[in-house]
Amino acid sequence: MVFAQLLLMLVIILIAAEVFTNALEHLGEKLKISEGVTGSLFAAIGTALPETMVPLLAIFAGTTNAHVNEEIGVGAILGAPLMLSTLSLFLMAASVLKKRGLQGHLTPEHTGLTRDLNFFLAAFSLAAVALFVPHDTPLFRALLAFGMVLVYFVYIMLTLRASAHLVKDGHGTEAEGKMMLCKLGLPENMYIIIVQLALGLLLLVGGAKGFINGVDEAAKLLAISPLLLSLLIIPIATELPEKVNSILWIRRRKDTLAFGNITGAMVFQGTLLPAIGIMLTPWAPQREVLAGIIITLLAASWLRYMSSRGQLKVWHLALNGALYVTYLAIALA
C-alpha cells in the first residue's frame with residue numbers, strides 16, 4: 001500500500017510538472033525571452049518545484065517526528081543537485097547516443113551554461129563549508145546562508161540581462177505545440193497561461209506532501225534511515241520531470257533548453273534550499289551527506305571543464321553517470 005502511494009504521488013508529480021513546464025514555454029515565447037532564461041530560470045524553477053516542495057514541507061509541516069522531518073529535508077536538499085549533476089546529465093546524453101554517437105557534439109549556448117555552472121559551484125562550495133561550521137556560531141551560519149541567497153539574486157539579474165542579446169542571436173524561446181488548456185478550447189492569452197501555471201503548482205504541492213508521508217512509511221518498512229532513503233529515492237522520483245523534459249528537448253536538438261533545464265535547477269537548488277538547510281536543520285558532515293556534496297562538486301566541475309574546452313561530447317557525460325554509481329557504492333556500503 002505504501003509503495004502504491006509513492007507511485008501515485010509520482011504520477012501526480014509528473015503530470016503537474018508537464019502542465020507547469022508546458023505553460024512556461026508559452027510564457028517564454030509570449031514574453032519574447034531567450035531559451036537561456038526559459039531553461040535556466042522558468043523551466044528550471046518550475047521542474048524543480050517537486051523536490052523544492054519536499055524538503056520545505058518536510059521541515060515545516062512533515063510528520064510528527066521532528067528528527068525524521070529534518071533527515072528527509074536534508075536528504076532531499078542535497079540529493080536533488082547530486083541527481084541533476086550526475087544521473088540526469090548522463091541519461092540526457094544517453095538518449096541521443098544512437099543518433100549522435102559517442103563522439104557526437106552537445107551544443108548548448110556556451111555563455112549561459114558557463115554562468116550556471118560558475119554560480120552553482122560557488123554556492124554549493126559555501127554549502128560544503130557550512131557543514132563544518134559549529135552550531136554555536138549562528139551568526140556565521142546565517143551569513144553563509146544569506147550569501148547563498150545573494151548569489152542566486154545576482155544570478156537572476158545576470159541571466160535576465162543576457163536575454164535580449166541572445167534573442168537577437170536566434171536563441172529566442174519557441175513553444176512546442178499548443179498549450180494544454182487551449183486544447184480544451186480555451187484561448188491562449190496571459191490569463192490562461194497563469195491559470196495553467198497555478199494548476200500545475202497546486203498539483204505539485206499535493207504530490208510532494210503525499211510523497212513525504214510515503215517516504216516516512218517506506219523507511220520504517222525497509223528499516224532504512226529516512227536520510228538515506230530521501231537521498232536516494234526522493235531525487236530519483238522528483239527529478240524525473242527534469243530528465244523527461246531535457247531528453248525531449250535534446251532529441252529535438254534544443255540543447256540550450258535541455259542543459260539549462262538541468263543546470264538552472266542546480267543553481268536554484270544549490271543556493272536557496274541549502275541556505276534553508278543551514279539555518280533550520282542539523283547541517284553536519286555525516287558520511288552520506290559529505291560524500292554527496294563532494295561527488296556533486298566533482299560532477300559539476302567536470303562538466304564545467306569539458307564545456308570550457310568548447311568540445312562537449314556525448315561520451316563526456318558518461319563520467320557523470322559513473323560518479324552517481326560511485327555515490328551509490330559509498331552510501332550503501
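The values are calculated or read from the model by the stated rules, or taken from the named source; none is laboratory data. The structure displayed is predicted, hence computed values, not measured ones. Neighbour counts are summed over all protein chains in view; Cβ atoms, including those assigned to glycine, are modelled from backbone coordinates with ideal geometry.
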Check: Name the pairs: first residue in the range 193-214 and free of Cβ contacts under 8 Å to residues at least 24 places away in the same chain, second residue surrounded by fewer than 20 Cβ atoms within 10 Å (Cβ to Cβ) and assigned to a helix (DSSP H, G or I), Cβ to Cβ under 8 Å, at least 6 apart or on different chains?
Finding: 195/181
Next item on the list: Only one of these is surrounded by fewer than 24 Cβ atoms within 10 Å (Cβ to Cβ), among the β-branched types (Val, Ile, Thr) and at pLDDT 90 or above: 86, 114. Name it.
Entry: 114
Next item on the list: Answer yes or no: is there a residue in the range 232-246 that is in a helix (DSSP H, G or I), small (Gly, Ala, Ser) and either modelled with pLDDT of 90 or more or within 28 Å of residue 100 (Cα to Cα) (or both).
Entry: yes
Next item on the list: Look at residue 322 and say whether it is touching a helix residue (DSSP H, G or I) at 6+ places or on another chain (Cβ under 7 Å) and closer than 16 Å to residue 87 by Cα.
Entry: no
Check: Which of the residues that make up the range 251-277 are among the β-branched types (Val, Ile, Thr) and buried (at least 24 other Cβ atoms within 10 Å of the Cβ)?
Finding: 256, 262, 263, 267, 271
Note to self: Here's a check for you: in the range 178-209, which residue that is part of a loop (DSSP other than H, G, I, E, B) and out of contact with any Lys or Arg (no Cβ under 8 Å at 6 or more places or on another chain) is nearest to residue 10 (Cα to Cα)?
What the structure shows: 180
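For every residue, the table says whether it meets (1) touching a Phe, Trp or Tyr at 6+ places or on another chain (Cβ under 6 Å); (2) outside any helix (DSSP H, G or I); (3) more than 25 Å from residue 52 (Cβ to Cβ); (4) of a type outside the set (Lys, Arg).
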| position | (1), (2), (3), (4) |
| --- | --- |
| 269 | no, no, no, yes |
| 275 | no, no, no, yes |
| 279 | no, no, no, yes |
| 292 | no, no, no, yes |
| 298 | no, no, no, yes |
| 301 | no, no, no, yes |
| 305 | no, no, yes, yes |
| 315 | no, no, yes, yes |
| 319 | yes, no, yes, yes |
Notebook entry, point to check: Going by the structure shown, is residue 76 crowded, with 19+ Cβ neighbours inside 10 Å and modelled with pLDDT of 75 or more?
Noted result: yes
Margin query: So residue 328 ticks every box in (1) crowded, with 16+ Cβ neighbours inside 10 Å; (2) assigned to a helix (DSSP H, G or I) but one. Which box is left unticked?
Written below: (1)
